[in-house]
Amino acid sequence: MTLAPAPPDTPAHEATRTAPRRQTIALVGNPNAGKTTLFNALTGLRAKTANFPGTTIELRVGALRLAGESVRLIDMPGLYSLSAASSEERAALDGLLGLAPEHPAPTALILLLDSTNLERNLFLASQVLELGLPTVIALNMVDLAQRLGLRIKVAELSRELGCPVVPVVAKTGRGVDELRAELERVIARRPDAPHQPAAERARQLDTQSQHQRYDWAERVVGRCVVHPDRQIHGRSEAIDRVLTHPVVGVVAFLALMLGVFYLIFSLASIPMDLIDGVFGWLGDVAAGLIPAGPLQSLIVDGMIAGVGGVVIFLPQICILFFLIALLEDTGYLARAAFVMDRLMRRVGLPGKAFVPMLSAHACAVPAIMATKVIDDRRDRLVTILVLPLMTCSARLPVYAMVTGLLFPTQPLLGAAAFTGAYSLGILAAISMALIFKRTILPGQARPLVLELPSYKMPSLKTAFFVMLDRGIIFLKKAGTVILALSIVLWWLANFPEMQPGDVPAGTAAQVAALEAQAAALETAGQAEQAALAADQAADLISQQQLAHSFLGRLGHLIEPAVLPMGFDWQLGVGVLASFAAREVVVSTLSILYGLGEEGAEGAALVDQMRAATRPDGSLVFTLPVCFSLLVFYVLAMQCFATTAIAAREAGGWRWALLQLGYMTVLAYGAATLTYQGLTWLGAA
Amino acid sequence: MFTMGNRWAPIVPIPPPDCNPFLMSSATLESPGLVPLAGLGKRARGTIRLLEMAGDELNRLAGFGICMGRTVELIKRGDPLILRVYGTRIGLSARLAQCIHVEPADGASPDAAEPR
């Protein structure tokens with residue numbers, strides 16, 4: 001096999017070089033070869049994460065200073081082989097490696113090789129070197145190779161591969177300066193004629209048969225590496241005897257995930273309270289600065305409260321990502337996928353879908369972002385589609401409200417209803433996965449092939465960066481959509497403004513009586529009770545305002561549609577309002593039942609709701625209605641943050657809208673069935 | 001696509017994604033001594049001589065070092081099973097392992113081979 005020689009060293013080119021375009025270096029290598037660590041060591045904190053245009057392939061882009069010039073460094077997804085890429089990966093690779101005519105080729109490549117596993121890494125190297133791009137090889141983990149007794153002849157290897165080879169230890173930063181120096185040399189001798197398009201070379205990729213590449217790799221290793229007499233199999237194998245056991249491994253995994261969830265819920269409560277406090281304070285400050293009126297209401301009730309209601313989930317998302325990144329860095333997640341694969345395949349999904357499925361019980365947003373690890377696009381899409389059926393933490397206030405309504409004095413039955421709701425979500429997800437796998441995304445789960453890398457100490461720094469990246473994506477994607485939706489919902493709930501003439505006579509009299517009572521109490525010196533009466537009057541007015549608003553009218557408009565589920569127009573309004581975030585239904589109902597926004601905090605709401613009657617005098621929240629409401633909120637896709645993220649990760653709004661559509665239909669159908677069924681049973 | 005220098009080389013068909021039982025039996029009959037990978041004894045080594053799968057899967061496995069002519073060691077049986085390939089351990093679903101045929105290394109007993 002012939003490998004491309006490095007471009008000739010022609011200093012003359014340097015003088016004539018005009019580089020209006022920023023130079024780009026791409027970092028290529030096997031997964032688990034330490035790519036991310038090397039990337040961080042080279043670029044520091046200045047990395048951004050973005051999808052390659054038109055794909056869901058995620059790239060990290062950072063800046064690297066070389067010879068006084070700022071160069072873009074692109075961290076490509078970890079690859080075992082260029083020819084094994086999916087069509088989507090193919091598009092990204094072609095763009096990045098200069099194989100597509102519309103994208104310029106990178107100035108140079110850093111090819112990262114794991115020195116403890118050179119034969120397999122050289123397989124990818126044989127394909128990458130054929131691209132003919134200026135390449136510097138970073139030979140990572142030379143310290144570990146030494147400990148394993150491997151002696152690598154670096155000069156010999158450089159000669160064999162036809163490009164500079166720099167031994168590095170990315171974790172400690174050893175050799176990184178030498179790597180920079182080598183890159184500077186390669187960039188300096190960049191010929192100023194555009195790089196020979198690598199396209200025809202790319203066509204050769206598949207002409208060399210794979211076993212010939214390995215034959216070559218073995219020959220190179222035979223010449224350049226002295227192996228120890230005896231091979232050492234580290235501790236990893238002993239640990240794996242336990243962690244990949246079909247029974248013990250599953251139990252260990254579930255125990256670990258239980259610990260992760262405990263940490264999420266216990267650690268997140270502190271920053272969540274803090275965020276709640278900060279947004280409350282921001283609202284107060286804004287209310288103090290802006291004179292009362294529509295603008296104040298828009299900013300305080302619309303924007304600040306709306307965004308605050310979603311940002312409050314940021315701590316959970318961050319902690320979940322931090323912990324998953326730590327677990328991934330240890331190498332454990334590969335074992336989790338390994339032990340869960342057999343169970344998950346019965347549902348038609350790969351083992352790698354299990355960690356996202358569990359994460360969705362905290363929040364669907366990080367869970368959907370975590371589906372990136374799933375190799376097969378169809379498997380990944382099915383997983384994304386069913387993830388929001390799992391009970392996330394935003395549903396808990398709704399579950400608590402409904403179980404409070406149903407079983408105020410029977411905690412055991414309440415717990416059973418809670419468990420039932422969780423189980424219904426899981427069951428629905430499994431069923432829908434099976435249905436999707438048999439209809440629009442047919443096929444069995446792609447059979448498992450995955451590397452079980454050696455266990456290692458995780459890097460807190462790497463995990464921190466992952467967390468930061470994900471948190472920013474969540475804020476950008478979800479935050480903007482939620483802000484827009486919050487403003488729309490605020491407008492719907494506050495306009496048209498109620499004029500004095502719009503208030504029904506009965507309510508007006510009630511308000512007037514309360515206000516008179518407040519005034520009387522005030523003069524009698526009973527300030528506390530006076531404030532109480534005034535609050536009641538204000539709550540009555542906001543109740544009327546909401547009923548009068550577009551949102552209230554929409555509620556009346558859709559009442560015939562929600563009637564089969566046993567909902568009245570107030571519940572209809574609650575359902576509409578909770579499209580921004582599910583838990584909003586609780587505060588909306590609180591306003592609609594005349595308790596003001598504060599009413600949602602206490603038991604007062606549940607009492608009030610239990611006493612609520614329809615115009616004909618019958619109770620609103622009968623047992624069938626409560627169960628129907630519970631079923632609806634288990635299954636409905638009422639979270640715009642999730643929709644925004646699903647569109648990003650699935651690669652288009654098409655899938656996100658399909659998800660919104662099927663979940664709404666499912667929730668509507670199941671809630672109707674529940675209500676009608678229970679009513680029929682009750683009547684029978 | 002293959003040079004003929006290797007005596008095992010010309011037999012990589014492009015069958016449907018799953019093992020074709022007909023192809024498997026005929027190929028095994030043609031090359032006696034071959035054992036499906038999952039049939040290797042524990043800790044036994046074997047050299048891959050035949051992969052019955054579509055090009056996509058061949059490409060994917062090759063990236064992991066599971067490729068014609070490579071020697072692998074079966075570390076853990078079961079589904080999925082664990083192989084050692086070039087010093088790394090690879091988890092592999094039994095469904096794929098069924099479609100990979102190896103020539104057991106010296107000392108490994110081929111008695112686990114499927115009955116004729």
Those residues of the range A:519-558 that are exposed (fewer than 15 other Cβ atoms within 10 Å of the Cβ) and not in a helix (DSSP H, G or I) come to a total of 3
So A:PRO246 fits all but one of (1) over 20 Å from the mean Cα position of the chain (by Cα); (2) more than 14 Å from chain B (Cβ to nearest Cβ); (3) over 27 Å from A:LEU396 (Cα atoms); what number is the exception? (2)
Which listed residue is touching a residue at least 24 places away in the same chain (Cβ under 8 Å), outside any helix (DSSP H, G or I), crowded, with 23+ Cβ neighbours inside 10 Å and within 14 Å of chain B (Cβ to nearest Cβ), from A:LEU113, A:LEU109, A:LEU118, A:LEU79: A:LEU113
Please go through the range B:60-74 and pick out each residue that is facing chain A (nearest Cβ under 9 Å) and surrounded by fewer than 20 Cβ atoms within 10 Å (Cβ to Cβ). B:GLY69
Within the bounds of the range A:354-365, is there any residue that is in a helix (DSSP H, G or I), aromatic (Phe, Trp, Tyr) and within 14 Å of another protein chain (Cβ to nearest Cβ)? yes
Of all residues in the range A:149-178, count the ones that are hydroxyl-bearing (Ser, Thr, Tyr) and within 17 Å of A:GLY222 (Cα to Cα). 1
Might you check whether a residue that is more than 30 Å from B:GLY87 (Cβ to Cβ), in a helix (DSSP H, G or I), at pLDDT below 80 and in contact with a helix residue (DSSP H, G or I) (Cβ under 7 Å, 6 or more places away or on another chain) occurs anywhere in the range A:497-518? yes
Working only within the range A:82-105, note down all residues that are in contact with a Gly (Cβ under 6 Å, 6 or more places away or on another chain) and either more than 14 Å from every other protein chain (Cβ to nearest Cβ) or not hydrophobic (A, V, I, L, M, F, W, C) (or both). A:HIS103, A:ALA105
If you take the residues in the range B:84-116 that are at the interface with another protein chain (Cβ under 10 Å from one of its Cβ atoms) and assigned to a strand (DSSP E or B), which one is modelled with the lowest pLDDT? B:THR88
Tell me, which residue of the range A:34-76 that is at positive phi and not hydrophobic (A, V, I, L, M, F, W, C) is farthest from the other protein chains (Cβ to nearest Cβ)? A:GLY68
Restricted to the range B:33-59 and to residues being among the charged types (D, E, K, R) and assigned to a loop (DSSP other than H, G, I, E, B), the residue surrounded by the fewest Cβ atoms within 10 Å (Cβ to Cβ) is B:LYS42
With the requirement that a residue be more than 14 Å from chain B (Cβ to nearest Cβ), touching a helix residue (DSSP H, G or I) at 6+ places or on another chain (Cβ under 7 Å) and among the aliphatic types (A, V, I, L, M), what does the range A:121-139 give you? A:LEU129, A:LEU131, A:VAL136, A:ILE137, A:ALA138, A:LEU139
Quick one: what pairs do we get from the range A:576-587, first residue closer than 17 Å to A:VAL481 by Cβ, second at pLDDT 80 or above and assigned to a loop (DSSP other than H, G, I, E, B), C-beta under 7 Å, 6+ apart or different chains? A:SER578/A:GLN638; A:PHE579/A:GLN638; A:ALA581/A:CYS639; A:ARG582/A:GLN638; A:ARG582/A:CYS639; A:VAL584/A:SER578
Output the residues belonging to the range A:245-269 that are touching a helix residue (DSSP H, G or I) at 6+ places or on another chain (Cβ under 8 Å) and β-branched (Val, Ile, Thr). A:VAL248, A:VAL250, A:VAL260, A:ILE264
Which of the residues belonging to the range A:263-295 are touching a residue at least 60 places away in the same chain (Cβ under 8 Å) and outside any helix (DSSP H, G or I)? none
Starting from residues that are touching a residue at least 24 places away in the same chain (Cβ under 8 Å) and β-branched (Val, Ile, Thr), keep the ones in the range A:439-471 and report whichever is nearest to the other protein chains (Cβ to nearest Cβ). A:THR462
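Which members of the range B:50-92 meet the condition of being small (Gly, Ala, Ser) and within 21 Å of A:LEU79 (Cβ to Cβ)?
Answer for the range B:50-92, where residues must be small (Gly, Ala, Ser) and within 21 Å of A:LEU79 (Cβ to Cβ): B:ALA54, B:GLY55, B:ALA62, B:GLY63, B:GLY65, B:GLY87, B:GLY91.
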The lone exception for A:VAL339 - which of (1) at pLDDT 90 or above; (2) of a type in the set (Val, Ile, Thr); (3) surrounded by fewer than 20 Cβ atoms within 10 Å (Cβ to Cβ) it fails: (3)
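The values are calculated or read from the model by the stated rules, or taken from the named source; none is laboratory data. Remember, predicted model here, so these are calculated numbers, not experimental data. We place every Cβ from the backbone using ideal geometry, glycine too, and count neighbours over all the protein chains shown.
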